[in-house]
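Notes follow once the structure below has been shown.
The values are calculated or read from the model by the stated rules, or taken from the named source; none is laboratory data. From a predicted model like this one, the values you see are computed outputs, not experimental measurements. Using ideal geometry, Cβ is built from the backbone for each residue, glycine included, and neighbour counts are taken over all protein chains shown. Ligands, DNA and RNA are stripped out before the accessible areas are found, and what is left, the full protein with its side chains, is counted by its heavy atoms. Shrake-Rupley method; radii C 1.70, N 1.55, O 1.52, S 1.80 Å.
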Amino acid sequence: MAELTGKSSIGFQSSTQSESTIFGVNPATGEKLQPGYAAVTETELNRAVELAEEAFEVFGKSSGVERAALLRKIADNIELISDELAALAPQETGLPEPRIKMETGRTCAQLRLFASVAEEGSWVGARIDHADQDRAPIPKPDTRSMKRPLGPVAVFCASNFPLAFSVAGGDTASALAAGCPVIVKAHQSHPGTAELVGQAVTSAVKDSGLPEGIFSLLYGPGRETGQSLVRHPKIKAAGFTGSRAGGQSLMKIASDRPEPIPFYAEMSSINPVFILSGAMTERAEDLATGLHGSMTLGVGQFCTNPGLAIVDDNSNLEPFISKITELVAASPSATMLNSGIGSAYDSGSKLFDGNDAVETLARGEAGEGQCQASAALFQATSDAFLNEDSLGAELFGPSTLIVKCDSGDKMLALARSLEGQLTATVHGTDADLEANSELLEILESKAGRVLINGFPTGVEVCHSMVHGGPFPATSDGRSTSVGTNAIHRFARDVCYQSFPDSLLPRELQEDNPLGIRRMVDGVTT
């Protein structure tokens, strides 16, 4: 295994700090893992940002081909250490080795997808309007526009995806593809995994002959180091995946700066699943099996696990309720990511247990050891849900609340009452879906991704994916953190008026030397 140093990476240099204050902890055993990591100093943080600003002068003007080569080199380097990641990450996160291998593959595929986007180049949205000197009453100037990178970007690692939403995850990949240097704030739950991936990224930058400030990896307390990064005047945007409280705190800092910056946070979602009467009649037990698998996948620690199932109480619910109750009761306990997440799940579950409006239908097997989560199944009426806001709060873990609606109007009212979501799912027959078009229209306004007859866990990394949604699912419902549209978060439009052709970016030059798709005088070519 590559040597872990317990140091932050400030460009190509290691931090000089030696006092270890951050340790990975095996959530299953409570064992403190070595090495410890020293918190970055303010001076070192400032140096990382200064290097990023200097690197932006070069990297922001680099070609898509150069950025693509860097992203592919990062992916190659990560694949070379895949066995080491599969050995270390489970110790830090409690996630099984097959999950880590799967996530490693997804991370590398994501990097290569953004490489192809950067290399092809059409993402910049080049637009050209030619001059018309004969236009009356005023001549028309030559104007051309395209997207340009924002500058240094801060990226916050997620606790639940130590690879795909962390050091070289989607935020980093999309920012680098856009031409933005990246400063990553490591998550304290998996510091060693972060360092291994950070070494792979740094080596790729060096081998590509690019400036060192294109990438830095910082360790430190989440509150102090993270807030300092977002406040820094040379940081131009940030990407975050984490809790609602943490995201909102950083959102406020980003908006209160003398120069506010875009802050893209993925925060909270209960991912409602609506089951209509025809589907319930046709396949009740299959729906129960699918819902159980989706709610317990990854110990319920995916951001798209369904925490809410809405059913028609006029249907015959007995086969569905009976089957999912049986499945939840037989679910083995599993290790959660860390003690904080485990404690929050236990507290939230107990609040549901103690709520007179909620019936506990089943509890999974109790586990021995630390950070063990038992699956939980709860039930309530639509009236209770509509009258008690706490029932719509996210409970991060392997649980679902079934809500019974005794009328179609109640189901629509419940849909309208929901906060913004990452996903919303509807199960129904063709006749169900035709009869519930209003429900689908409501959910389109509530979620970034609407599914028919499926389950929301599992996010396809592709051009059309939207992994975002109205607040509080994300801080900006116009954005996505998965899929190639994520690159647009870290770029802005610039218009060039009456420029000599030789001074224009290549994407806007008259003879289209890059051969990209462009809109010319209103026609896409």
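Do you know which residues across the range 388-402 are touching a helix residue (DSSP H, G or I) at 6+ places or on another chain (Cβ under 6 Å) and in a helix (DSSP H, G or I)?
Matches in the range 388-402: L391 only.
Of the residues V230, V184, V167, V155, which single one is in a loop (DSSP other than H, G, I, E, B) and either closer than 28 Å to R492 by Cβ or of a type in the set (A, V, I, L, M, F, W, C) (or both)?
That would be V167, the only listed residue that is in a loop (DSSP other than H, G, I, E, B) and either closer than 28 Å to R492 by Cβ or of a type in the set (A, V, I, L, M, F, W, C) (or both).
Give the residues of the range 3-24 that are part of a loop (DSSP other than H, G, I, E, B) and surrounded by fewer than 14 Cβ atoms within 10 Å (Cβ to Cβ), sorted by residue number.
Once the filter is applied, which keeps residues that are part of a loop (DSSP other than H, G, I, E, B) and surrounded by fewer than 14 Cβ atoms within 10 Å (Cβ to Cβ), the range 3-24 yields E3, T16, S18, E19.
Could you tell me whether any residue of the range 276-299 is open to solvent by 30 Å² or more (accessible area, probe 1.4 Å), of a type in the set (A, V, I, L, M, F, W, C) and under 20 Å from F161 (Cβ atoms)?
yes
Residue-wise test of (1) surrounded by fewer than 19 Cβ atoms within 10 Å (Cβ to Cβ); (2) of a type in the set (K, R); (3) at pLDDT 95 or above.
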position	(1), (2), (3)
K61	yes, yes, yes
K73	no, yes, yes
E79	yes, no, yes
T104	no, no, yes
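What's the number of the condition A86 fails, among (1) farther than 24 Å from C371 by Cα; (2) in contact with a helix residue (DSSP H, G or I) (Cβ under 8 Å, 6 or more places away or on another chain); (3) among the small types (G, A, S); (4) open to solvent by less than 40 Å² (accessible area, probe 1.4 Å)?
Exception for A86: condition (1).
Across the range 49-71, what is the number of residues that are farther than 14 Å from L210 by Cα and within 24 Å of the chain's Cα centre (by Cα)?
1
Give the residues of the range 300-329 that are of a type outside the set (D, E), open to solvent by 20 Å² or more (accessible area, probe 1.4 Å) and assigned to a helix (DSSP H, G or I), sorted by residue number.
If the condition is that a residue be of a type outside the set (D, E), open to solvent by 20 Å² or more (accessible area, probe 1.4 Å) and assigned to a helix (DSSP H, G or I), then P319, I321, S322, K323, T325, L327, A329 are the ones that fit.
Can you tell me which of L503, L514 is touching a residue at least 60 places away in the same chain (Cβ under 8 Å) and either surrounded by fewer than 12 Cβ atoms within 10 Å (Cβ to Cβ) or more than 20 Å from the chain's Cα centre (by Cα) (or both)?
L514
Could you list, ordered by first residue, the pairs with Cβ atoms under 6 Å in which the first is in the range 288-309 and modelled with pLDDT of 95 or more and among the aliphatic types (A, V, I, L, M) and the second is open to solvent by 30 Å² or more (accessible area, probe 1.4 Å) and assigned to a helix (DSSP H, G or I), at least 6 apart or interchain?
Pairs found: A288/K323.
From A393, A415, grab the single residue that is among the aliphatic types (A, V, I, L, M) and under 30 Å from V25 (Cα atoms).
Answer to the selection: A393.
Just one of the numbered conditions (1) out of contact with any Cys (no Cβ under 9 Å at 6 or more places or on another chain); (2) among the small types (G, A, S); (3) farther than 21 Å from G105 by Cβ is not true of A186; which one?
(1)
Out of the residues in the range 431-462 meeting the condition of being within 29 Å of L250 (Cβ to Cβ) and over 15 Å from the mean Cα position of the chain (by Cα), tell me which one is least open to solvent (accessible area, probe 1.4 Å).
Only one residue fits best here, namely L443.
Residue-by-condition table, conditions (1) of a type in the set (S, T, N, Q); (2) surrounded by fewer than 17 Cβ atoms within 10 Å (Cβ to Cβ); (3) over 25 Å from the mean Cα position of the chain (by Cα); (4) closer than 30 Å to E31 by Cα:
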{"site": "A334", "(1), (2), (3), (4)": "no, no, no, yes"}
{"site": "Y345", "(1), (2), (3), (4)": "no, no, no, yes"}
{"site": "A357", "(1), (2), (3), (4)": "no, yes, yes, no"}
{"site": "G367", "(1), (2), (3), (4)": "no, yes, yes, yes"}
{"site": "C371", "(1), (2), (3), (4)": "no, no, no, yes"}
{"site": "A380", "(1), (2), (3), (4)": "no, no, yes, no"}
{"site": "N387", "(1), (2), (3), (4)": "yes, yes, yes, no"}
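Which condition breaks for G64 when tested against (1) in contact with a Gly (Cβ under 6 Å, 6 or more places away or on another chain); (2) closer than 15 Å to I183 by Cα?
Looking at each condition in turn, G64 falls short on (2).
Give just the number: which of (1) basic (K, R); (2) at pLDDT below 95; (3) buried (at least 19 other Cβ atoms within 10 Å of the Cβ) does K350 not satisfy?
It is condition (3) that K350 fails.
Being of a type in the set (F, W, Y), crowded, with 24+ Cβ neighbours inside 10 Å and within 30 Å of E3 (Cβ to Cβ): is that true of Y219 here?
The answer is yes for Y219.
Please specify each residue of the range 233-275 satisfying the condition of being open to solvent by 30 Å² or more (accessible area, probe 1.4 Å), touching a Gly at 6+ places or on another chain (Cβ under 7 Å) and either part of a loop (DSSP other than H, G, I, E, B) or over 24 Å from A393 (Cβ atoms) (or both).
If the condition is that a residue be open to solvent by 30 Å² or more (accessible area, probe 1.4 Å), touching a Gly at 6+ places or on another chain (Cβ under 7 Å) and either part of a loop (DSSP other than H, G, I, E, B) or over 24 Å from A393 (Cβ atoms) (or both), then K236 is the only one that fits.
Sort out which residues of the range 249-281 are of a type outside the set (A, V, I, L, M), without any contact (Cβ under 8 Å) to a residue 40 or more places away in the chain and more than 24 Å from L401 (Cα to Cα), and write them in order of number.
Taking the range 249-281 and keeping what is of a type outside the set (A, V, I, L, M), we get 249, 252, 255-260, 262-264, 266, 268-269, 271-272, 274, 277-278, 281.
Remaining after also requiring without any contact (Cβ under 8 Å) to a residue 40 or more places away in the chain: 249, 252, 255-260, 281.
Across the range 249-281, the qualifying residues are S249, K252, S255, D256, R257, P258, E259, P260.
Name the helices (runs of 4 or more DSSP H) wholly within the range 47-123 that hold at least 3 residues that are over 30 Å from N338 (Cβ atoms) and not hydrophobic (A, V, I, L, M, F, W, C)? Reasoning before the result, please.
Values: elements: 64-80, 82-93, 97-120.
It comes to 64-80, 97-120.
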